[in-house]
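The values are calculated or read from the model by the stated rules, or taken from the named source; none is laboratory data. Note that the coordinates shown come from a computational prediction; the quantities given were computed from them, not determined experimentally. Here Cβ is always computed from backbone atoms with ideal geometry, including for glycine, and neighbour counts include all displayed protein chains.
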Amino acid sequence: MEFAAPEIAGQAIPGQFVMIGLGLPGEPGLFLPRPMSIAQAEGERLGLLIRIFGAGSRRLTALEVGERALLLGPLGSFFDLGSATRVLCVAGGVGLAPFLFLPRWAERHAPGNRVHLVYGERTASAVFDPGRIHELAGVEPEIWTEDGAMGRMGRVTDRLDVARVDLVLGCGPVPMLKTLQAQIAGTGVPAQFSVEERMGCGVGTCVGCVVAVEDGGRGWRYERICVEGPVFSAERLRWSI
Amino acid sequence: MEFAAPEIAGQAIPGQFVMIGLGLPGEPGLFLPRPMSIAQAEGERLGLLIRIFGAGSRRLTALEVGERALLLGPLGSFFDLGSATRVLCVAGGVGLAPFLFLPRWAERHAPGNRVHLVYGERTASAVFDPGRIHELAGVEPEIWTEDGAMGRMGRVTDRLDVARVDLVLGCGPVPMLKTLQAQIAGTGVPAQFSVEERMGCGVGTCVGCVVAVEDGGRGWRYERICVEGPVFSAERLRWSI
Amino acid sequence: MVDLGQTVLGVEFQNPILLASGCCGYGEEYAGLIALDELGGLVTKAVTREPRIGNPPPRVSETPAGMINAIGLANVGLERFRREKLPWLRENLRRAYVLVNVAGWTVEDFVHVVRGLDDAEGFLAYELDASCPNVERGAEFATDEALLGQLVRSVRAATQRPIVVKLSPQVPDIGRFAEICETEGADGVSTINTFPGLLIDVERRRPIIGNVTGGISGPAIRPMGVYATWCAARRVRIPVIGIGGISGAADALEYMLAGAPLVQIGTALFVDPEVVCQTLEGLRAYGERHGVHRLADLVGALEA
Amino acid sequence: MVDLGQTVLGVEFQNPILLASGCCGYGEEYAGLIALDELGGLVTKAVTREPRIGNPPPRVSETPAGMINAIGLANVGLERFRREKLPWLRENLRRAYVLVNVAGWTVEDFVHVVRGLDDAEGFLAYELDASCPNVERGAEFATDEALLGQLVRSVRAATQRPIVVKLSPQVPDIGRFAEICETEGADGVSTINTFPGLLIDVERRRPIIGNVTGGISGPAIRPMGVYATWCAARRVRIPVIGIGGISGAADALEYMLAGAPLVQIGTALFVDPEVVCQTLEGLRAYGERHGVHRLADLVGALEA
Ligand SMILES: Cc1cc2nc3c(=O)[nH]c(=O)nc-3n(C[C@H](O)[C@H](O)[C@H](O)COP(=O)(O)OP(=O)(O)OC[C@H]3O[C@@H](n4cnc5c(N)ncnc54)[C@H](O)[C@@H]3O)c2cc1C
Ligand SMILES: Cc1cc2nc3c(=O)[nH]c(=O)nc-3n(C[C@H](O)[C@H](O)[C@H](O)COP(=O)(O)OP(=O)(O)OC[C@H]3O[C@@H](n4cnc5c(N)ncnc54)[C@H](O)[C@@H]3O)c2cc1C
Ligand SMILES: Cc1cc2nc3c(=O)[nH]c(=O)nc-3n(C[C@H](O)[C@H](O)[C@H](O)COP(=O)(O)O)c2cc1C
Ligand SMILES: Cc1cc2nc3c(=O)[nH]c(=O)nc-3n(C[C@H](O)[C@H](O)[C@H](O)COP(=O)(O)O)c2cc1C
Ligand code: FES
Ligand code: FES
């Protein structure tokens, strides 16, 4: 979905998100705004990739041209490409969103990167059109489906070769990220994951959206996904405790 | 506004109403359905005349073609023309609604009536287009506005001549109906008023919508506007006590 | 096929869906709109010793995701209920069970109504509306432990029929009140009644409701109702009937998972009488989707 | 020009709008979005004796016309609050007043925090969050008359600053609790905190909130909050601060007409931070439309 949001689009960095809602008084099933990764930012246009889970996302995807939504952003931390040149993006399901934005952004802001995108879904019917991915992101995705009806059969994490990359970026369901975390552990390849939790404010005031992260050797602590995240260094993530 | 509601339209009698809402889960400002007088019933089409008061009526008037509303009806009592031949209809504001329906219905079901419609609004800008009234109701309305900017200046009750009619029907704000009630008292001319109150169920279960009426000489009692009303014999009305 | 039946209060309810007191009159009013005999049952409007005209209008209005009401227990009174309303229920509800909601201001009021109905036919049990304001000693039965104990004890002594006590959510620890009901011999409790609320028309600077304050019901209070049901169900062995904001199968299932074998639908009926059918269909569909053959197995199955 | 000012707690608030505790962090987080110094004031997130990590996620979710939260009083603790947060508030809020929300499990916890902050600058008063569950004797301060009295008395002895006590709606008679606060020397009460609630994911048969239960806030509870404010304001002379579901000027006015000279906005901030500006504009417009030159004249002006 596309929104006219010049201020957000102008500042967005891949990995960041917006809070999108209907404002007050809201509607049934969409009172609080929902966090959504920025999936495109071109000129004044902001693109989101929204998958229908429950009532909130159903209402959002039903927005019609001309209807107004309330957007707050860009919010949170972002993928930090640093000096990496070979970047592997691993996307599970709608975790694809930030990686629709990242490759072209990288071309512009950190040229010389080679981005490889691995994208998995449970079934072929859920797969976001690969042609459209290429068009939006500028890269050819490597597709996996669990039923094998499209792309390779299995999960994105089944045959990952992290040896030949400088940086791994992940966004998707927690089990996928945990597997990825385990695979990378000990390889020395740095990784950054974008994680999710239900949010209230989106700007750090409510302390609602925490995830457990490593606390500099002193065990773990909670950090706010909306401010310290949503992108965390993979090795720090201890998930919910 | 027009709705496709064949079952309701087929059975409706002037004075009756429908409950109109959005069903579950509703929307902010329109959770409970609202009672609305039936203003037209032609073939399969049901017509309502809705004036914007608060959030509920604002939402209803914003319904777009193709959107669905939940309609329950026809409900309640109705204007009983009996053997009257000269009928005077007195409408205040949106109390016009049932009288857009009544004259043509009377032509069909109780021919030989002469219906005279007196219709008042505070300001000219609020007046429902007289040409359209003629078209829908088949009678030429006598219009009153308090500012005198359209029709006669003053209130509908300022110059009523009830002497030459057999039946007076009233629908409008309580002060108007009370004045009318006082004017008719003692003339021997029967009158019926359609009255309003906030409703819950619309079908008599919640006992939410009462008005005080004469209780056969033994003082007063509350009757439900949605079942015993909305049309009551004027002499019985004791209003809220 | 999913079995929706629930064995509660000594009988088999064909399904867990009842209509809540005050929201379905005496049944008759909804007969043309709802297939009443397909329900688990219904709870009548409160019956008091004497007929009551109730509060001045307006008596109802809308609130965010809910409504406010101050009907004031308007009802036909014991005599007419027995003479005019009960026979209709007896004739027309063959499979659905009737609970008679009883209200009063003194223990004696309740006992009087129960004694006056007890030998009549056409209903299964009493639901005591223990939340009338301004009763003896100024409190409500449902918010005063001693008063509530006395009420249940006295009604217990007056009847052999099952007694369900309807509790108020407006207490710090509803579980305690459920325990008192159990100890004093009640056969079940129902949670919850409405929350007191006040709605103001700021343009006129006046309350919208004729009675000034009223009770809040509808989806807005559902999370509080599920909480109260869960609290009560963990403290007593007698069945807890879940009430508050139910508008469909998912809502009913929340109450069932929290521990309620039966639930009641109130306010949602006003928004769409079809909610009853839809809820029953939704429960069946849920059972099939999850391979639950007996819905009764879900009662209290919340993993918490 | 309409004068929005309110003289409360010994000072002149430039307008009646405050941000509610837990919904505006320590101010800083909203600094880029809300002109904080244009407000009447703000109430900080609860400050406890020790830092707290809070409850496991999920901590928030949506409910009908509201939300549930179980943050678990996650906060930086007394020391860091004083060192890191208070200076920012002192520097940045020159005209808006700061109330520090204090929470604890024993009377000693509260007194410790109050003593630890009392000589610091940058805030006007304390708001005691008397609704922490599982405190001494298993109750909450705000639902146990004796405990509440003891809490207020002890904090009163520890400070000269104004004390506002935040009350729980989960009691039969909130007016009684307001009276206790007044008697024991509190300078104001605020009504209401959240209602306990439970939200269940029926597909997974598990609570949605990590802590199982949480507090319900938002428009859904507004009629209950206005009711509680009205009940409290009729029973005490100290000011009552109205809280619960305020999402605009009309809502704020309901609380003011019910007797609150100040109000707090919480959950609505999450839905749209602009709500603050819109509410202030709406209050001015109302004053002009109704010829009310001093908004303070509307406090308690409900005709009931
Ligand atoms: C930083 C961030 C970025 C996100 N980006 C996207 C995106 O680009 N596209 C997209 O479609 N979604 C994204 N989400 C998820 C999105 O915010 C919603 O949570 C999701 O759309 C479900 O919302 P709902 O209103 O439909 O669900 P609800 O109606 O609230 O619930 C329906 C179901 O959704 C699940 N759910 C609700 N909230 C979450 C959550 N925060 N995380 C995981 N599951 C949840 C529930 O468990 C439930 O089963 C993102 C979340 C975060 C925190
Ligand atoms: C039998 C009957 C027939 C009706 N027919 C029509 C009709 O044909 N056309 C039409 O426009 N309206 C009609 N009404 C009124 C209508 O039902 C609504 O009350 C009105 O539209 C205001 O609703 P709202 O949702 O906008 O108001 P709300 O958002 O609830 O409140 C806004 C304002 O409306 C006033 N209001 C609310 N309910 C009522 C009520 N029942 N009666 C009087 N004032 C009220 C309030 O005092 C308030 O100032 C009828 C009412 C009844 C009982
Ligand atoms: C209009 C109305 C009238 C009610 N009358 C009664 C009553 O007479 N006795 C009673 O115990 N509860 C009464 N209730 C409370 C309901 O039975 C129910 O407990 C409450 O409305 C919450 O359920 P809901 O949210 O599904 O409506 C009434 C509720 C409404 C809305
Ligand atoms: C996320 C969240 C955190 C809260 N934290 C606190 C708190 O720390 N202390 C407190 O007294 N109240 C706390 N509250 C309660 C609010 O201050 C307020 O009383 C309540 O939310 C009702 O107001 P609202 O409907 O405007 O949100 C919190 C509320 C929310 C939603
Ligand atoms: S959503 Fe409120 S702190 Fe992150
Ligand atoms: S609206 Fe329910 S009885 Fe009339």
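Quick rundown of the values:
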item	result
Failed condition for A:Leu180, given (1) over 17 Å from A:Gly92 (Cβ atoms); (2) outside any loop (DSSP other than H, G, I, E, B); (3) touching a helix residue (DSSP H, G or I) at 6+ places or on another chain (Cβ under 8 Å)	(1)
Matching entry among B:Gly21, B:Gly54 (being out of contact with any Leu (no Cβ under 6 Å at 6 or more places or on another chain), in contact (Cβ under 8 Å) with a residue 12 or more places away in the chain and under 30 Å from D:Gly245 (Cα atoms))	B:Gly54
Strands (runs of 3 or more DSSP E) completely within the range C:141-212 that count 3 or more residues being at the interface with chain D (Cβ under 10 Å from one of its Cβ atoms) and surrounded by 18 or more Cβ atoms within 10 Å (Cβ to Cβ)	C:195-198
Filtered residues of the range A:198-241 (kept if within 11 Å of A:Leu75 (Cβ to Cβ), among the β-branched types (Val, Ile, Thr) and more than 7 Å from chain D (Cβ to nearest Cβ))	A:Ile225, A:Val227
Which numbered condition D:Gly259 misses (of (1) within 9 Å of chain C (Cβ to nearest Cβ); (2) closer than 18 Å to D:Glu303 by Cα; (3) not in a helix (DSSP H, G or I))	(1)
Within the range C:262-304, considering residues that are over 26 Å from C:Cys231 (Cα atoms) and either among the hydroxyl-bearing types (Ser, Thr, Tyr) or in a loop (DSSP other than H, G, I, E, B) (or both), the one nearest to the other protein chains (Cβ to nearest Cβ)	C:Asp272
Considering residues of the range D:85-110 that are within 14 Å of chain A (Cβ to nearest Cβ) and within 27 Å of D:Pro56 (Cα to Cα) only, the residue farthest from ligand 4 (Cβ to nearest atom)	D:Lys85
Pairs, first closer than 16 Å to C:Glu12 by Cα in the range C:38-50, second among the small types (Gly, Ala, Ser), C-beta under 7 Å, six or more apart	C:Leu39/C:Ala96; C:Gly40/C:Ala96; C:Gly41/C:Ala96; C:Leu42/C:Gly27; C:Leu42/C:Ala96
Output for the range D:248-273, where each listed residue is out of contact with any helix residue (DSSP H, G or I) (no Cβ under 9 Å at 6 or more places or on another chain) and over 20 Å from D:Gly22 (Cβ atoms)	none
Cross-chain or 6+ apart pairs with Cβ under 7 Å, the range A:183-206 first and on the phi > 0 side of the Ramachandran plot and outside the structural domain of A:Gly21 (by TED's automatic domain parsing), then part of a loop (DSSP other than H, G, I, E, B) and away from ligand 4 (no atom under 12 Å from the Cβ)	A:Gly202/A:Pro33; A:Gly202/A:Cys226; A:Gly204/A:Cys226; A:Gly204/A:Val227
Residues of the range A:122-174 satisfying the condition of being part of a loop (DSSP other than H, G, I, E, B) and among the basic types (Lys, Arg)	A:Arg122, A:Arg155, A:Arg159, A:Arg164
Residues within the range B:31-51 that are modelled with pLDDT of 95 or more, part of a strand (DSSP E or B) and in contact with a helix residue (DSSP H, G or I) (Cβ under 6 Å, 6 or more places away or on another chain), tallied	2
Residue count for the range A:35-59, restricted to those that are under 19 Å from A:Glu7 (Cα atoms) and within 16 Å of ligand 5 (Cβ to nearest atom)	3
Residue under evaluation C:Arg234, criteria (1) without any contact (Cβ under 8 Å) to a residue 60 or more places away in the chain; (2) surrounded by fewer than 24 Cβ atoms within 10 Å (Cβ to Cβ); (3) facing chain D (nearest Cβ under 8 Å), criterion not met	(3)
Candidates D:Leu257, D:Leu283, D:Leu269 - the one that is touching a strand residue (DSSP E or B) at 6+ places or on another chain (Cβ under 9 Å), in contact (Cβ under 8 Å) with a residue 12 or more places away in the chain and within 16 Å of ligand 2 (Cβ to nearest atom)	D:Leu257
Residues of the range B:208-241 classified as over 16 Å from the mean Cα position of the chain (by Cα) and in a loop (DSSP other than H, G, I, E, B), total	8
Residue within the range B:78-95 that is within 29 Å of C:Pro219 (Cβ to Cβ) and in contact (Cβ under 8 Å) with a residue 24 or more places away in the chain present	no
Criterion violated by D:Phe81 - all others in (1) over 24 Å from D:Gly40 (Cα atoms); (2) surrounded by 23 or more Cβ atoms within 10 Å (Cβ to Cβ) satisfied	(1)
Which numbered condition A:Phe99 misses (of (1) outside the structural domain of A:Glu7 (by TED's automatic domain parsing); (2) at pLDDT below 95)	(2)
Close pairs from the range C:1-22: first buried (at least 23 other Cβ atoms within 10 Å of the Cβ), partner part of a strand (DSSP E or B) and among the basic types (Lys, Arg), Cβ under 8 Å, at least 6 apart	C:Ser21/C:Lys166
The range B:186-197 - residue that is more than 14 Å from every other protein chain (Cβ to nearest Cβ) and within 18 Å of the chain's Cα centre (by Cα) and, of those, farthest from ligand 4 (Cβ to nearest atom)	B:Pro190
Members of the range C:31-68 found to be more than 10 Å from every other protein chain (Cβ to nearest Cβ) and of a type in the set (Asp, Glu), listed by number	C:Asp37, C:Glu38, C:Glu50
Hits in the range B:18-51 (condition: away from ligand 6 (no atom under 16 Å from the Cβ), farther than 23 Å from B:Cys89 by Cα and more than 14 Å from chain A (Cβ to nearest Cβ))	B:Gly43, B:Glu44, B:Arg45
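Residue by residue, here is whether (1) surrounded by 13 or more Cβ atoms within 10 Å (Cβ to Cβ); (2) in a strand (DSSP E or B) holds:
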site: A:Phe53; (1), (2): no, no
site: A:Leu60; (1), (2): yes, no
site: A:Leu63; (1), (2): yes, no
site: A:Glu67; (1), (2): no, no
site: A:Leu72; (1), (2): yes, yes
site: A:Phe79; (1), (2): yes, no
site: A:Ser83; (1), (2): no, no
site: A:Val87; (1), (2): yes, yes
site: A:Ala91; (1), (2): yes, yes
